[in-house]
1. Which one of these does GLU62 not meet: (1) under 15 Å from GLN26 (Cβ atoms); (2) surrounded by 14 or more Cβ atoms within 10 Å (Cβ to Cβ)?
2. Could you check how many residues of region 56-86 are at pLDDT 95 or above and of a type in the set (A, V, I, L, M, F, W, C)?
3. Which residue, of VAL67, VAL59, is under 12 Å from ALA98 (Cα atoms) and among the β-branched types (Val, Ile, Thr)?
4. Is one or more of the residues making up region 66-86 among the aliphatic types (A, V, I, L, M), outside any loop (DSSP other than H, G, I, E, B) and farther than 18 Å from SER45 by Cα?
5. Can you tell me which residues in region 9-55 are crowded, with 16+ Cβ neighbours inside 10 Å and of a type in the set (Val, Ile, Thr)?
Amino acid sequence: MSDDQPDVGFGSPNAWGYTLGTTSGQVLPSGVGQSRTGLIFHNPSATATIAVCPLTNSVTGEEQDAVINGAGSYTILPLAELRLVGLGYINCAWSAVADTASSPITILEFFSS
């Protein structure tokens, strides 16, 4: 296994698929009490740009919206992906938004064994 691959345990990965709108919304629940060790957010659209961010702002403790090219958000271009692996536990909830209505997102969620 290469160094950039998440530690995959039994039942891992979980796959999540959603259709995004132009208003930010939660796409991944909190993994509190779990050992979520990696996330891959994939934008399968050939035309839409999407953004993802942790649902809760770690400074203010308030919910935050995903914003394309916005502070605190990761922007994912068409047919690209964001890999968050090897960073320890990533147990927060996540939100996402698209610049075009009815845009898909695929999320792979990895757990340690």
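1. For GLU62, the failing item is (2).
2. Selection size over region 56-86: 8.
3. Going through VAL67, VAL59 in turn, just one is under 12 Å from ALA98 (Cα atoms) and among the β-branched types (Val, Ile, Thr): VAL67.
4. Yes; the residues of region 66-86 include at least one that is among the aliphatic types (A, V, I, L, M), outside any loop (DSSP other than H, G, I, E, B) and farther than 18 Å from SER45 by Cα.
5. VAL27, THR37, ILE40, THR49, ILE50, VAL52
The values are calculated or read from the model by the stated rules, or taken from the named source; none is laboratory data. Just so you know, these numbers come straight off a predicted model, no measurement behind them. Note that each Cβ is placed from the backbone with ideal geometry, even for glycine, and that neighbours are counted across all protein chains shown.
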